[in-house]
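The values are calculated or read from the model by the stated rules, or taken from the named source; none is laboratory data. Computed from a predicted model, the values in this text were never measured in an experiment. Heads up, the Cβs are rebuilt from the backbone with ideal geometry, glycines too, and the neighbour counts pull from every protein chain shown.
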Amino acid sequence: MIRIAIYGKGGIGKSTTTSNLAAALATRFRVMQIGCDPKADSTRDLMGGKRTTTVLGAIREKGDDVCLEDLVSVGENGVLCVESGGPTPGIGCAGLGIISAFQKLEELGAFDVYRPDVVLYDVLGDVVCGGFAMPIRDGYAEHIFIVTSGEMMSLFAADNICRAVENFADRGYARVRGLILNARNVDNERELTERFAREHNLPIIHMIPRSELVQEAEDAGRTVVGMFPDSSLAAAYRDLADQMIQIAQGGGDQP
């Protein structure tokens, strides 16, 4: 089982990237996508624009009677979709909510039951607290890819994520394998991102060009890979998926 965490600043296109990767990979692998954001919108484009029941929401509603069927939905191309969810607004900690969701999935044996080939964790990277760092520090993910643009705050978040991973480097946990440049067409974007990559000794795995197809697909509750399979953008997502799997399997460039 290949376990990949995709981190990035909120609003950078992390969930869009993850969902398109999941849709592309699902033509060859059994894929599970786990959204680790209290907004619970990671898998929306895989679910026809509908939000799924969250793990924490199901726990609040059913308590000890909750089962895996309450937590896992099947989306586009058969992707297994899970949303951790968050606490009641104004009460509790989103990071602790992720911890609770992961513990419930483990308790119910989600990976043993569904046996995915690839697990994608879509993780908010603005704040890398204990809960949001779970895929890094508790052995859930093996490989980390960071979605960024050339914008200052996006690169700042990417730097925080790299520092968080370095804090656990001596424990054999997940490693950052590379950057995904989700272009925003800002000035000197490629140069700024390449400089950041050199400073952190990381490769830029792929650049996803800015395209109106993303918004068109999202408005329809679809992925670009599913709605515009013959487009150059869908091809870019498929190429990115191939590169990530190659790296995860030990056959690509690694820092």
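The condition (being outside any helix (DSSP H, G or I) and touching a Ser or Thr at 6+ places or on another chain (Cβ under 7 Å)) is satisfied by just one residue among THR27, THR52, THR18: THR52. Residues that are without any contact (Cβ under 8 Å) to a residue 12 or more places away in the chain and more than 21 Å from GLY125 (Cα to Cα) were ranked within the stretch 192-215; the one that is surrounded by the fewest Cβ atoms within 10 Å (Cβ to Cβ) is GLU212. Of all residues in the stretch 27-54, those satisfying the criterion of being in contact (Cβ under 8 Å) with a residue 24 or more places away in the chain and either closer than 9 Å to GLY75 by Cβ or of a type in the set (Lys, Arg) (or both) are ARG30, GLN33, LYS39, THR43, ARG44, ASP45, LEU46, MET47, GLY48, LYS50, ARG51, THR52.
Take the conditions surrounded by 15 or more Cβ atoms within 10 Å (Cβ to Cβ) and touching a Lys or Arg at 6+ places or on another chain (Cβ under 6 Å) and apply them to ALA241. Does it pass? For ALA241, the condition - surrounded by 15 or more Cβ atoms within 10 Å (Cβ to Cβ) and touching a Lys or Arg at 6+ places or on another chain (Cβ under 6 Å) - is not met.
Give the residue that is surrounded by the most Cβ atoms within 10 Å (Cβ to Cβ), with candidates limited to residues of the stretch 135-149 that are farther than 17 Å from ASN167 by Cα and either among the β-branched types (Val, Ile, Thr) or out of contact with any Lys or Arg (no Cβ under 7 Å at 6 or more places or on another chain) (or both). It comes out as THR148. Can you name the residue in the stretch 1-39 that is surrounded by fewer than 21 Cβ atoms within 10 Å (Cβ to Cβ) and among the aliphatic types (A, V, I, L, M) and is also farthest from GLY250 (Cα to Cα) among such residues? Restricting to residues being surrounded by fewer than 21 Cβ atoms within 10 Å (Cβ to Cβ) and among the aliphatic types (A, V, I, L, M), the top hit is MET1. When the residues of the stretch 54-81 are filtered to those that are among the β-branched types (Val, Ile, Thr) and more than 18 Å from the chain's Cα centre (by Cα), the one that is modelled with the highest pLDDT is VAL66. From the list ARG163, ARG177, which residue is out of contact with any Lys or Arg (no Cβ under 7 Å at 6 or more places or on another chain) and surrounded by fewer than 16 Cβ atoms within 10 Å (Cβ to Cβ)? Checking each option against the conditions leaves just ARG163. Restricted to the stretch 160-255, the set of helices (runs of 4 or more DSSP H) holding at least 2 residues that are β-branched (Val, Ile, Thr) comprises 224-227, 232-248.
Tell me yes or no: at least one residue of the stretch 44-59 is farther than 30 Å from GLY250 by Cα, of a type in the set (Ser, Thr, Tyr) and surrounded by fewer than 16 Cβ atoms within 10 Å (Cβ to Cβ). Scanning the stretch 44-59 turns up no residue that is farther than 30 Å from GLY250 by Cα, of a type in the set (Ser, Thr, Tyr) and surrounded by fewer than 16 Cβ atoms within 10 Å (Cβ to Cβ).
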